Amino acid sequence: MRWIIASLLAVGLTACSAEAPPAQNQPEPVSDKKVTVYSGRSEALIKPLLENFTKATGITVEVRYGDTAAMAAQLLEEGDKSPADVYLAQDAGALGAVAKKGLFTKLPADVLGKVTDVYKSKSGEWVGVTGRSRVLVYNSDLVKQAELPGSVFDLTGPEWKDKLGIAPTNGSFQAFVTALRVQHGDNEAKGWLNGIKANGAQIRPNNGQIVADVEAGKLSVGLVNHYYVYERAKADGKTVDALKAKLHFFPNGDTGALVNVSGLGLMKKASNDADARAFIDYLLGADGQKYFAEKTYEYPLVAGVATAAGLPALASLKAPAIDLNDLDTLQATVAMIKEVGLA
């Protein structure tokens, strides 16, 4: 009898289930696809790009933001226990410093093949995403073209007393100082730092503030990356030509014309390899490269993507003959800047 009752209950429950109307307005299932990114690039700069990536792929991006040097230091401290899948940095030096500790895995050949050898790791552990040229930004009301320095070393001269703006805690400035050390030796690099300090170099927190102060006439000149002038024009609702802040590209392979990269590396202990690879492919794909070219005015490094209007072609820049793989002594550079008293 018991089995008959149980059978009848089972049939009844099945019937009830069949007759019950389907639930309405059930939430969509949440994707478990995820990539964790340590970003030395600012949230304001790349958040829209990351949102575009998630819309295109369904992969959630969890991001830890900080300046490039701080993010590199955190990765070095965490080592194999880091939750990061990808490190996105604003310069090759920080990428090299992490690579030296063996924290990156070699990237696939098809990823490395998208970017010319000049802008990637010799060992294949990191790859450039965008190119950025160091420049002197100057106020055209305060400085005439004929007065512009031929070398970054000229900025220690009396004619630039109290006129130069720098951002010594910024990763791009630190990478440039590392380039000075590589190309000219530590003594000359330290001498230049002491020279601009003695010459009254004005310290600002970042490149954007330097450009804003040059545009306003609070500074005559400043050392920045090229694209910050374009960002200033966009913020002011002007064309670049309408700004008083103009770009001066140092000639003849001067260290002041360093072309560095923002780039990325895949962590050896990445927990979401497939999702991390999708993220890397997106940044080096047409959509990612167009975003950087059109929204941040950086140089795309993948063939077939146009440079922002008005910028000189990347190949036309007279960059110094410096191997970006040699910019991996970031910690020594930061120590030198602090020793001089600029940070």
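The values are calculated or read from the model by the stated rules, or taken from the named source; none is laboratory data. Just so it is clear, the structure is predicted and the values come from calculations on it, not from any experiment. A quick note on method: Cβ atoms are made from the backbone with ideal geometry, for glycine too, and the neighbour counts reach across all protein chains shown.
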*Hey, does the stretch 39-55 have a residue that's more than 17 Å from the chain's Cα centre (by Cα) and among the polar types (S, T, N, Q)?*
yes
*When you scan the stretch 63-161 for helices (runs of 4 or more DSSP H) that lie fully inside it, which ones turn up with 2 or more residues that are touching a Leu at 6+ places or on another chain (Cβ under 7 Å) and either under 22 Å from L223 (Cα atoms) or aliphatic (A, V, I, L, M) (or both)?*
68-78, 92-100
*Only residues that are over 18 Å from G341 (Cβ atoms) and either touching a residue at least 60 places away in the same chain (Cβ under 8 Å) or touching a Phe, Trp or Tyr at 6+ places or on another chain (Cβ under 7 Å) (or both): list them for the stretch 163-175, please.*
G171, S172, A175
*Failed criterion for K101 (all others in (1) touching a strand residue (DSSP E or B) at 6+ places or on another chain (Cβ under 9 Å); (2) surrounded by fewer than 16 Cβ atoms within 10 Å (Cβ to Cβ) hold)*: (1)
_Given the condition farther than 29 Å from E125 by Cβ, touching a strand residue (DSSP E or B) at 6+ places or on another chain (Cβ under 9 Å) and either at pLDDT 95 or above or not aliphatic (A, V, I, L, M) (or both), answer yes or no: does some residue in the stretch 249-270 qualify?_
yes
*Mind listing just one residue for me: the one in the stretch 122-133 that is of a type outside the set (F, W, Y) and within 16 Å of the chain's Cα centre (by Cα) and, of those, farthest from L317 (Cα to Cα)?*
V127
*Could you give every pair whose Cβ atoms fall below 6 Å, whose first residue belongs to the stretch 213-228 and is within 22 Å of S151 (Cα to Cα) and assigned by TED's automatic domain parsing to the domain that holds W160, and whose second residue is assigned to a loop (DSSP other than H, G, I, E, B) and acidic (D, E), counting only separations of at least 6 or pairs across chains?*
Y227/E298
*For the stretch 227-269, which residues satisfy the criterion of being assigned to a loop (DSSP other than H, G, I, E, B) and surrounded by fewer than 24 Cβ atoms within 10 Å (Cβ to Cβ)?*
G237, K238, T239, L243, K244, F249, P251, N252, G253, D254, K268, K269
*Within the stretch 274-333, track down each residue that is assigned to a loop (DSSP other than H, G, I, E, B), closer than 21 Å to Y87 by Cα, touching a residue at least 24 places away in the same chain (Cβ under 8 Å) and not acidic (D, E).*
L284, L301, V302, L327, T329
*Residues satisfying the stated conditions in the stretch 46-62, i.e. within 29 Å of A167 (Cα to Cα) and either in contact with a Gly (Cβ under 7 Å, 6 or more places away or on another chain) or buried (at least 18 other Cβ atoms within 10 Å of the Cβ) (or both)*: I46, L49, L50
*asked:* Condition first: farther than 15 Å from V129 by Cα, touching a Ser or Thr at 6+ places or on another chain (Cβ under 6 Å), at pLDDT 85 or above and charged (D, E, K, R). Can you find one or more residues in the stretch 28-45 that meet it?
replied: yes
*Among the residues of the stretch 139-153, is there at least one that is in contact with a Pro (Cβ under 9 Å, 6 or more places away or on another chain) and surrounded by fewer than 16 Cβ atoms within 10 Å (Cβ to Cβ)?*
yes
*Which of the residues that make up the stretch 128-145 are of a type outside the set (K, R) and touching a helix residue (DSSP H, G or I) at 6+ places or on another chain (Cβ under 6 Å)?*
G128, V129, T130, G131, V137, N139
_Going through E78, E51 one at a time, which residue ends up being of a type in the set (D, E), in the same structural domain as F292 (by TED's automatic domain parsing), modelled with pLDDT of 90 or more and under 19 Å from D275 (Cβ atoms)?_
E51
_Subset of the stretch 35-62 that is free of Cβ contacts under 8 Å to residues at least 60 places away in the same chain and in contact with a Phe, Trp or Tyr (Cβ under 8 Å, 6 or more places away or on another chain) - its residue that is farthest from Y227 (Cα to Cα)_ = Y38
*Filtered residues of the stretch 191-212 (kept if in a helix (DSSP H, G or I) and touching a strand residue (DSSP E or B) at 6+ places or on another chain (Cβ under 7 Å))*: I196, N207, I210, V211
